[in-house]
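What follows is a set of notes on a single structure, which appears directly below.
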Amino acid sequence: MYNVINLPYPYYALEPIIDEKTVNIHYNKHHKKYMENLNKLTNYKMPIEEIPKRIEEFPLKDRGKILYNAGGILNHNLYWQSLNQNPTLPKGKLLNKINDTYGNFNNFKNSFIEKSKNLVGSGYTFLVTDNDGNISVINMANQETPLSYDLIPLFTIDLWEHAYYLKYQNNKDAYIENIWNKTNFDHASQIYESLF
Ligand SMILES: [Fe+2]
């Protein structure tokens with residue numbers, strides 16, 4: 001059976017930036033729904049991270065739905081791990097790479113925020129690395145995952161309306177800016193450190 005990660009903190013942990021009710025609904029209703037859908041579509045056949053690369057092993061008629069729901073699980077797993085009650089900054093090799101690529105963390109953060117504001121419709125902004133360790137900031141639509149493009153996702157912000165609408169309504173830009181008070185780069189730093 002495919003599963004979602006346990007939420008790494010209590011529902012209230014992201015207050016006042018993301019309210020308790022939003023986190024509760026987002027995790028229990030939205031995130032888990034992708035898990036239920038994927039388990040209805042297919043029995044466990046391979047680790048979820050391999051689904052985007054081995055999608056041709058599934059029946060043609062189911063591939064679109066399987067990719068969509070697997071992406072919904074993976075993207076939300078990473079989103080929860082990209083946030084924390086107490087924010088953390090990039091460390092080690094990832095910090096060095098951010099400084100080499102963007103000059104400093106603040107420039108990187110501003111690039112990321114600008115990218116998020118440019119996303120049209122539902123989707124995510126990701127910090128990704130290619131297989132050579134080159135990092136970039138990209139947008140993906142709906143539940144697409146960078147794994148489909150041979151990129152490794154390190155950090156992400158969910159930009160679907162369900163991520164912010166209860167508290168921010170139409171003020172998506174305020175969510176995009178405020179969330180940086182709760183961002184966690186420990187997870188991203190660990191992935192990058194283990195790869196390069
Ligand atoms: Fe979401």
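The values are calculated or read from the model by the stated rules, or taken from the named source; none is laboratory data. Just so we're clear, the structure is a prediction, and the values are computed from it rather than from any experiment. Quick reminder, even Gly has a Cβ in these numbers, built from the backbone with ideal geometry, and neighbours come from all protein chains shown. Each accessible area value is taken on the protein alone, full model and side chains, heavy atoms only, with ligands, DNA and RNA left out. Shrake-Rupley method; radii C 1.70, N 1.55, O 1.52, S 1.80 Å.
Is it the case that the stretch 122-132 has a residue that's open to solvent by 20 Å² or more (accessible area, probe 1.4 Å), under 21 Å from I73 (Cβ atoms), away from the ligand (no atom under 16 Å from the Cβ) and touching a helix residue (DSSP H, G or I) at 6+ places or on another chain (Cβ under 6 Å)?
no
State which residue is surrounded by the most Cβ atoms within 10 Å (Cβ to Cβ) when the search covers only the stretch 177-196 and only residues that are over 18 Å from V128 (Cβ atoms) and not polar (S, T, N, Q). First the steps, then the outcome.
Of all residues in the stretch 177-196, those over 18 Å from V128 (Cβ atoms) come to 177-182.
Then keep just the ones that are not polar (S, T, N, Q); that gives 177, 179-180, 182.
Values: E177: 15, I179: 22, W180: 13, K182: 19.
Within the stretch 177-196, the match that is surrounded by the most Cβ atoms within 10 Å (Cβ to Cβ) is I179.
List the residue pairs whose Cβ atoms are under 6 Å apart, where the first residue sits in the stretch 152-167 and is at negative phi and open to solvent by 10 Å² or more (accessible area, probe 1.4 Å), the second is near the ligand (Cβ under 10 Å from one of its atoms) and among the small types (G, A, S), and the two are 6 or more positions apart or on different chains.
Listed pairs, sorted by first residue: W160/S122.
From the list I138, I55, which one is out of contact with any Cys (no Cβ under 9 Å at 6 or more places or on another chain), farther than 22 Å from Q190 by Cα, β-branched (V, I, T) and modelled with pLDDT of 95 or more? Please lay out each step first, then the result.
Numbers: I138 fails: farther than 22 Å from Q190 by Cα.
Sole residue among the options that is out of contact with any Cys (no Cβ under 9 Å at 6 or more places or on another chain), farther than 22 Å from Q190 by Cα, β-branched (V, I, T) and modelled with pLDDT of 95 or more: I55.
Listed residues L41, L83; which is away from the ligand (no atom under 16 Å from the Cβ), under 23 Å from H162 (Cβ atoms) and hydrophobic (A, V, I, L, M, F, W, C)? First the steps, then the outcome.
On the way: L83 fails: away from the ligand (no atom under 16 Å from the Cβ).
The conditions single out L41.
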